[in-house]
Each structure stands twice: as structure tokens, then as C-alpha cells.
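Below: one structure, written as C-alpha cells.
The values are calculated or read from the model by the stated rules, or taken from the named source; none is laboratory data. The structure displayed is predicted, hence computed values, not measured ones. Ideal geometry is used to build each Cβ from the backbone, glycine not excepted, and the neighbour counts take in all protein chains shown. Heavy atoms of the whole protein, side chains included, go into the accessibility calculation; ligands, DNA and RNA do not. Shrake-Rupley method; radii C 1.70, N 1.55, O 1.52, S 1.80 Å.
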Amino acid sequence: IASIMNRVRNLKNKYRNEDNITDELNCTKISADTTDNSGTVNQIMMTANNPEDWLCFLLRLEKKGVPQMDVSLLNRLIGRYSQAVTALPAEKYSEDESYARILVRFAELKA
């Protein structure tokens, strides 16, 4: 029994790690091109257009600076968050955690 339990634990860890790696790769694939934001936005909207891809892109964009210190970055972020909220239908994603995080961060940036 101990051997079986150990094997199950190893399999859980293996698949959990693979899921994390897959998520990281997907995030990198979608958000790799942060210099050409319109191309990245178009790619997100033409593929799945889901909150996870949008959130990944937006968080990478935020890493470019400190919005509170850079008015240009702040305005660009507000525009992109607005675009994300417009592109994602609330009735479809109202229960999605990434969608909620986008809405909260959008409100924080606008405040």
C-alpha cells in the first residue's frame, strides 16, 4: 500500500508540474511579443479570446514599468484593460477568476 501511495504521489506531482509548465509556455507564447501590442492583442482575440490570455498579456505589459510613476504607461494600461473588458463578455466569464482579476486591476488603475 505504501508503494502504491508513493507512486500516486509521484504521478500527481509529475502531472501538476507538467500543467504548470504548460501554462507558463502558453502564457509565453501568447505574450512573447510585447513590443507590438496590437499584434499580440489581435492574436489573443483571433485565438481563444479568453481571460487567461488577456491577463497574461496585461501582467507582462505592467512589468515594463511602474504605472504610478509613468503616466504614459498608465494610460496605455488603462486602454489595454479597457480593450480586454470590452472583448470579454461578462455573461460568459462572470465566474472566471482571471476575468475578475482583470476587472479589479482595471478599477485600481483608473482610481
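Looking only at residues in segment 63-85 that are under 15 Å from the mean Cα position of the chain (by Cα) and free of Cβ contacts under 8 Å to residues at least 24 places away in the same chain, the one that is surrounded by the most Cβ atoms within 10 Å (Cβ to Cβ) is V85.
The set of residues from segment 86-98 being open to solvent by less than 40 Å² (accessible area, probe 1.4 Å), assigned to a helix (DSSP H, G or I) and of a type outside the set (G, A, S) comprises just one member, Y93.
Here R101 passes the criteria (1) of a type in the set (D, E, K, R); (2) free of Cβ contacts under 8 Å to residues at least 12 places away in the same chain; (3) surrounded by 14 or more Cβ atoms within 10 Å (Cβ to Cβ) except the one numbered (2). From the list R60, R76, the one residue that fits, being closer than 11 Å to L109 by Cα, assigned to a helix (DSSP H, G or I) and charged (D, E, K, R), is R76.
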